[in-house]
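Inspection log for the structure reproduced underneath, given as structure tokens.
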Amino acid sequence: FVVPPDTNTGPPAPDENTLRAVSIHLAKELAPLGVEVVVAAPRYHRIRAIASVVIDPAFDTTETIRRLLSELNSYLHPLTGGDNGEGWPFGGTLRYSILVRRLLARTRGLLAISTLNFVVDGVRDLGCADIQPSANALFWPEVHDVIVLESEDAS
């Protein structure tokens, strides 16, 4: 699967010329004689988070939400996201508990995440479950929704 650099125009998808060039290069340089090399663009699962959060009153709400959204997008990005920041493996599972801990640890001003649900390819997933994409797919973050709760609403 060929994933080109991100051009900030949607999920990175190779064009036909890129696929052809990669196929020719792999067949010439790396494939054993008689092995046919097949390359393809990856499939992307569009993912959107819907979160209810509690923000420390001592912090600017708008800035905290901006940091939270940035952290979500960074983590879900196919090329620079994942647990180690080096991109997602094809078919890599989004671990719910790891993401929640990460968001709480890396988002200054965020006190709690009351709910965190995902919409994957238009289907809302309720609950605190891991998300398993197709075997040869990656995630692509969409626009997330954040609802700010008062601290007494979170209990």
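The values are calculated or read from the model by the stated rules, or taken from the named source; none is laboratory data. What you see is a predicted model; the values in this text were computed from it and never measured. Glycine gets a Cβ as well: all are built from the backbone with ideal geometry, and neighbour counts include every protein chain shown. Only protein heavy atoms, including side chains, enter the accessible area calculation; ligands, DNA and RNA are left aside. Shrake-Rupley method; radii C 1.70, N 1.55, O 1.52, S 1.80 Å.
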Would you please name the residue that is nearest to Ser114 (Cα to Cα), looking only at residues in segment 36-84 that are modelled with pLDDT of 95 or more, small (Gly, Ala, Ser) and open to solvent by less than 40 Å² (accessible area, probe 1.4 Å)? Ser52
State which residue is farthest from Phe139 (Cα to Cα) when the search covers only segment 13-33 and only residues that are open to solvent by 80 Å² or more (accessible area, probe 1.4 Å) and in a loop (DSSP other than H, G, I, E, B). Leu33
Taking Gly91 as meeting all but one of (1) crowded, with 16+ Cβ neighbours inside 10 Å; (2) outside any helix (DSSP H, G or I), write down the number of the exception. (1)
Cβ-Cβ distance below 8 Å, separation of 6 or more or different chains: which pairs start in segment 70-96 with a residue that is on the phi > 0 side of the Ramachandran plot and end on one that is open to solvent by less than 20 Å² (accessible area, probe 1.4 Å)? Gly82/Tyr75; Gly82/Gly92; Gly87/Pro78; Gly87/Gly81; Gly91/Pro133; Gly91/Ala137
So is Arg108 charged (D, E, K, R) and in contact (Cβ under 8 Å) with a residue 24 or more places away in the chain or not? yes
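Does segment 115-133 hold any residues that are polar (S, T, N, Q) and open to solvent by less than 50 Å² (accessible area, probe 1.4 Å), and which are they?
First, pick out the residues of segment 115-133 that are polar (S, T, N, Q): 115, 117, 132.
Matches in segment 115-133: Asn117 only.
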